[in-house]
Structures are given as C-alpha cells and as structure tokens.
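The values are calculated or read from the model by the stated rules, or taken from the named source; none is laboratory data. The structure presented is a predicted model; accordingly, all values stated were derived computationally and were not measured. Note that we place each Cβ from the backbone using ideal geometry, even for glycine, and neighbour counts take in every protein chain shown.
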Amino acid sequence: MCIGLPAGAEEPAAAENRLRARVAKHPGDTAARFELARTLSREKRFKAAAAEYAQLVKEHPDNPDYLLGLAQVMLWSGKPLKALPRLKRARSLAPGYADVWHAEIQARLALGDDARARVMRDTARRRFPAANWTFARLDGPVNTPLPASAEPAAPPLTASPSVPAPLPEASAPLAVPAMATAPALAPLPAARGTAVEVGVSHEHLTRGLPAWRSRYLLGEHRTAGDTIFYGGLRAIERHSLTDREAHGGIGVPVSPTLRVQAEAGISDTHRILAARYGAVQFEAQPATGWTLAGGWRRSSYDAGMTSLLHVGGDRYVGQERFSYTVFSGGPDGTGRAPSHRLQWAHYYGDRDWAGIAINAGRETENTGVAGFVTSRVHGLTVAGRHGLGGEWSLSWEAGRLRQGDAYTRSGARLGLRYAF
C-alpha cells in the first residue's frame, strides 16, 4: 500500500512550481509571493524562504505577517538575535496578534532570557486567554529539553543585567552602590545583541559638603551562544576630587544552570577610585525562578588594599523579582564591614520595570586625603527603566543614604539606553 498526501492535497514541489510561475507572470502578486515563502518554510528550505520574506518586508515594512514569517524562519534557522527585532516591530504594529507574542517568547527563550519571557508569557495569558501559553522551559524543570517542533534550542539561563553594572565596588561596599555607575536594581537580561547607555548623576550632601557628580558610558554585546562582553567608562567628582575609570568584563555560561562573570578595571587618576581591581562572580539557577550568586572583589587604592565578598539570591514570581544580598568587606588588616540589601522590582512590560531597594549596615569609604573611613549607613533607593519607543529607553534612579554622622547623601541618576 502506498500512503501519500491526503486527497486533494498538492505536492510541495508542484505547489512551488505553480507559485513561481504565477509570481513570474505577476511580480506584484504579493499573495502568491507570501504563499511561496510559506511553502518554502514548510519544506524547511529556510534560506530560500528568508530571501522571499526579506523582499516582502523590504517592500512592505509595516506588514506584521511578513515580519512574523521572516522572524519564524530565522528562529528555525537558529538565529534568534536576528528574529527578535522583526518580532518587536510586528508586535508594535499589531499588538493583538497572538502568534507574534508566541514567537517572541520563543526567541527570548532561545536567547536564555527566561525571566523576560516569563513576564511576556504572563501578560499574553491575560490578553489572549484562549491560546495555549505553555512552554516546557518555563513550566517544567530548568533542564527540560525543548520540543524541536515548537521551541528552538535555547542557551542557558542567565541573570546578567541588560547593560551589566560593574561588580560591587570595594571602595564603597554599600548595599546600594553609589550612583556613579549603572542601576542598583539591575534590569532583566537583554535579548538584543548590543546595547549602549550614557548617563549622569548628581547627589547633594548635607553639612555644606560639595556635591557628588558622575558621567558614564556603558556597553554590552551578547553572542548567539549567550556569552556577554561588556565594558564602560566613568568620570566622578567626590570630596572635591575628580577621577576617571575604565572597566571591562565577560559573562560565560558554563552549564545550563551556571554562569561565571569576570571583570577588571583601572583608574589612571585613582584619587578616590581604585587604581586597579579584579572581580569574579558565580550565578546559579538551582530551580525555575531562583538565582543564587556569590562573588569576590580585590582592589588596590593609594591608601591600601581592600576586598569584598557578597552572597545573595533572587526569586522571580510572575512579574515580581525579590532579591537579598549580604556584603562583607574592608581594608586589609581591619575588621569586616557587613551590609545588607533587600530589593523588590515589578516588571510591567517586556523591558519596563520599577523597583525599590533598602540597605543597612556598615560601609568603608575611601575619602581620598583622609584614607578609609568606616561608618554605619542606611538608605532607600527607587529605580527603574521605561521604554521611550523604538529601541530607546530611559533608566532612572533616585535615593537617599545616611553616612553615619558625617553626612546624608541624596540625589538622582538618569541614563539613556539604545539597543540594537
């Protein structure tokens, strides 16, 4: 017995020949060209299908069906980084198109962006309750393999920030780092390949002390294998002294549930900042929704050497993130200065979030001329990021910290971010 196509069904080769003949005769027949691209996709001829979809998108950049088709071919070809911009464009044009949401969640999962994929999935469940929003990677064990027919193979989970802030600063082991670098509440990981951020901060000090100011530039590139390269420059003004610094780092997945991040920095002025430092951090996902992290940093100042240890954990529950970190650090030859940070963040969009952090403990600060000073601190910070449209977003932070009896510091930071 010969088992063939169902009665009335057209052979794929015959369908392709028919559609190519129709397109050759009527080049402006977009319906035929669209059907040709879909036929090639079904036959897993992804390169040919991508060429057809790309031409349709070039001629009709605002058609969500063409954008979705091109993105799906890229996903099936193992190119989620290229698929994601098309999907975000399609979703902005047709926010009620459930298939676009589904494909974008798959792309984020393929990039290891499970936390943001979970936020999108929860939002989609509310918007499209009749659709199936079950994903093995989100709803089963972390190591559950993804069905090849439904979700592309995904790299490991990651908890690295979208533009990674430097690992905790040993010169000022605050529970909430000084607002001179990147956000204290790190956003969810970026699914895009490259992102840059520029920003400034200003902090007012009591007791007539001069204000603290900073300017920074941060950048990140994520590879298809989920390795992250990042770096940044910053210039600060503290205690009437100015400093500049450069740092760079790499985050590498070493297993489906473990990531290692290494970083180094240098300052050629080092009046306040470390002349040089090195740091390493380990992040593990023991279960879905959980991240545990620990790290060590060693820094060299004009006043001496310092070290800083930190251990903490994150818990994601739907669109909420809860985090606790304990720090212990100080100059060599002195006692350790412990501090604590408790955070909560709410993710109200696929890249928008707002949160609050409370910190308390003891901080060792490098004052420059007077050297290291340790005092009790407590403070409160609110921070977030909000999309401005397209690939632009605004990161922001405002806070107040009491530095023992020396002064109280309060101020804000604004950053402008572009992802591409």
Exercise for the section: Determine if region 278-295 includes at least one residue that is closer than 17 Å to Phe372 by Cα and not acidic (Asp, Glu). Expected result: no
Problem - Residue selected from region 210-244 under the condition loosely packed, with under 15 Cβ neighbours inside 10 Å and over 30 Å from the mean Cα position of the chain (by Cα), by the criterion nearest to Gln261 (Cα to Cα) - result: Thr242
Problem - The lone exception for Asn359 - which of (1) assigned to a loop (DSSP other than H, G, I, E, B); (2) buried (at least 16 other Cβ atoms within 10 Å of the Cβ) it fails - result: (1)
Exercise for the section: Inspect all residues belonging to region 386-395 and state whether any of them is over 25 Å from Leu218 (Cα atoms), assigned by TED's automatic domain parsing to the domain that holds Val260, out of contact with any Ser or Thr (no Cβ under 9 Å at 6 or more places or on another chain) and not in a strand (DSSP E or B). Expected result: no
Problem - Pick from region 246-272, criterion hydroxyl-bearing (Ser, Thr, Tyr) and more than 20 Å from Gly231 (Cα to Cα), ranking: nearest to the chain's Cα centre (by Cα) - result: Thr257
Problem - Cβ pairs under 6 Å, 6+ apart, first in region 23-43 and assigned to a helix (DSSP H, G or I), second hydroxyl-bearing (Ser, Thr, Tyr) - result: Ala37/Tyr53
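When you look at Gln281, is it among the polar types (S, T, N, Q), crowded, with 17+ Cβ neighbours inside 10 Å and either in contact with a Ser or Thr (Cβ under 7 Å, 6 or more places away or on another chain) or within 21 Å of Glu397 (Cα to Cα) (or both), yes or no? Full working, then the answer.
Working: among the polar types (S, T, N, Q): yes; crowded, with 17+ Cβ neighbours inside 10 Å: yes; either in contact with a Ser or Thr (Cβ under 7 Å, 6 or more places away or on another chain) or within 21 Å of Glu397 (Cα to Cα) (or both): no.
Criteria not met by Gln281.
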Fill in the blank from the handout: Across (1) surrounded by fewer than 15 Cβ atoms within 10 Å (Cβ to Cβ); (2) touching a His at 6+ places or on another chain (Cβ under 9 Å), Gly329 clears everything bar (1)
Exercise for the section: Taking Ile272 as meeting all but one of (1) buried (at least 17 other Cβ atoms within 10 Å of the Cβ); (2) in contact with a Phe, Trp or Tyr (Cβ under 8 Å, 6 or more places away or on another chain); (3) modelled with pLDDT under 95, write down the number of the exception. Expected result: (2)
Handout entry: Filter result for Ala71 (of a type in the set (A, V, I, L, M), out of contact with any Gly (no Cβ under 6 Å at 6 or more places or on another chain), assigned to a helix (DSSP H, G or I) and under 21 Å from Ala110 (Cα atoms))
Key = yes
Problem - Lone qualifier among Gly355, Gly333 - being more than 21 Å from Pro210 (Cα to Cα), more than 24 Å from the chain's Cα centre (by Cα) and either of a type outside the set (A, V, I, L, M, F, W, C) or not assigned by TED's automatic domain parsing to the domain that holds Gly251 (or both) - result: Gly333
